[in-house]
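In what follows, a single structure is set out as structure tokens and then discussed.
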Amino acid sequence: MADVCTTGERLFKELDEYIESVGAKPDKLISILQKAQELFGYLSPEVQQHIADTLKIPASQVYGVVTFYNFFSTKPKGKIQIKVCLGTACYVKGADRILERFLEELQVKPEEPTKDGLFSVHPVRCLGACSMAPVILVGEKDFYGRLKPDMVPRIIAKYREGVK
Ligand code: FES
């Protein structure tokens, strides 16, 4: 008989295997949350509860850690995250119009994933590349600088093509 296993079940299984490998102890909570976020993309109440149950700690303790560190997210994000810098150097060079154009082209609000789950747009503070203002960061390492709003559709198209 075929092994029926949904994506969610598979991810929970993978998370459990990870917890087992590091030890189901409260002092491993941060690395377990990091692994969970890597697997699921964000930390839903269901995932947080599962971790709390597995580590035998209150869900409020897990929630406290998740909300304390800003690298943890409780909302789904796009597969490709577009960070638009709104730091001072970028802002004076029109970063707000870049942000607006991304939101308009993708038909989303900030931090919200597109319907196909491919993109989400995140306003951020200085990306450390002020001399190239205005700057965006796509994914983990693709920086684009000296942007103009008209360049936005081409950038989106490039990543759409890349996932076909
Ligand atoms: S202010 Fe945008 S990169 Fe520094």
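Miscellaneous remarks
- Net dipole in debye of segment 80-162 [+1 Lys, Arg Cβ; -1 Asp, Glu Cβ; about Cα centre; nearest 20]: 260
- When the trypsin sites (Lys or Arg not before Pro) in segment 27-73 are filtered for DSSP coil states and for at most 16 other beta-carbon atoms within 10 Å of their beta-carbon, the remaining sites are Lys56.
- The packing ranking of peptides 119-128, 37-46, highest mean first, is 119-128, 37-46, where packing means the average number of other beta carbon atoms within 10 angstrom of each residue.
- Normalising the average separation of contacting C-alpha pairs (under 8 angstrom, six or more residues apart) by the number of residues puts the relative contact order of segment 80-162 at 36 percent.
- Kirkwood Rh and Cα Rg combined as Rg/Rh, segment 80-162: 0.93
- Segment 7-68 - accessible surface per residue (Å², probe 1.4 Å): 58
- Segment 11-37 and segment 87-160: distance between their alpha carbon centers, rounded to Å: 33
- Accessible surface of segment 84-164, 1.4 Å probe, proportion on carbon and sulfur as whole %: 53
- Taking label points 7 Å from Cα along the Cα-to-Cβ direction, Arg146 and Gln34 give a separation of 3.7 nm.
- Normalising the average separation of contacting C-alpha pairs (under 8 angstrom, six or more residues apart) by the number of residues puts the relative contact order of segment 7-68 at 28 percent.
- Only Lys, Arg, Asp and Glu carry charge here, each on its Cβ (+1 for the first two, -1 for the last two); on that basis the chain has a dipole of about 720 debye about its Cα centre.
- Shape class of segment 7-68 from the Cα gyration tensor (axes a ≥ b ≥ c, square roots of the eigenvalues): oblate, since a/c reaches 1.5 or more and a/b does not exceed b/c.
- Counting only protein heavy atoms and using a 1.4 Å probe, the accessible area of Cys130 comes to about 70 Å².
- Normalised per residue, the volume of the convex hull around the Cα set of the chain (Å³): 141
- Under 22 Å from Lys158, Cα to Cα: lysines that are on another chain or at least 8 residues apart: Lys77, Lys79, Lys83, Lys109, Lys115, Lys141, Lys148
- With the charge dipole of segment 71-131 set up from +1 on Lys and Arg Cβ and -1 on Asp and Glu Cβ about the Cα centre, the Cα lying farthest toward the positive end among the listed residues Phe71, Pro113, Ala95 is that of Phe71.
- Positive contributions from Lys and Arg (+1) and negative ones from Asp and Glu (-1), summed over other residues with Cβ under 12 Å from the Cβ of Lys28, come out at 0.
- Backbone N under 15 Å from the Ser44 label point (7 Å along Cα→Cβ), restricted to segment 97-133: 113, 117
The values are calculated or read from the model by the stated rules, or taken from the named source; none is laboratory data. As the structure is a prediction and not an experimental result, all values here were calculated from the model. In this analysis, Cβ positions are derived from the backbone assuming ideal geometry, glycine residues included, and neighbour counts consider all displayed protein chains. We work out accessible area using only protein heavy atoms, side chains counted, and drop any ligands, DNA or RNA first. Shrake-Rupley method; radii C 1.70, N 1.55, O 1.52, S 1.80 Å.
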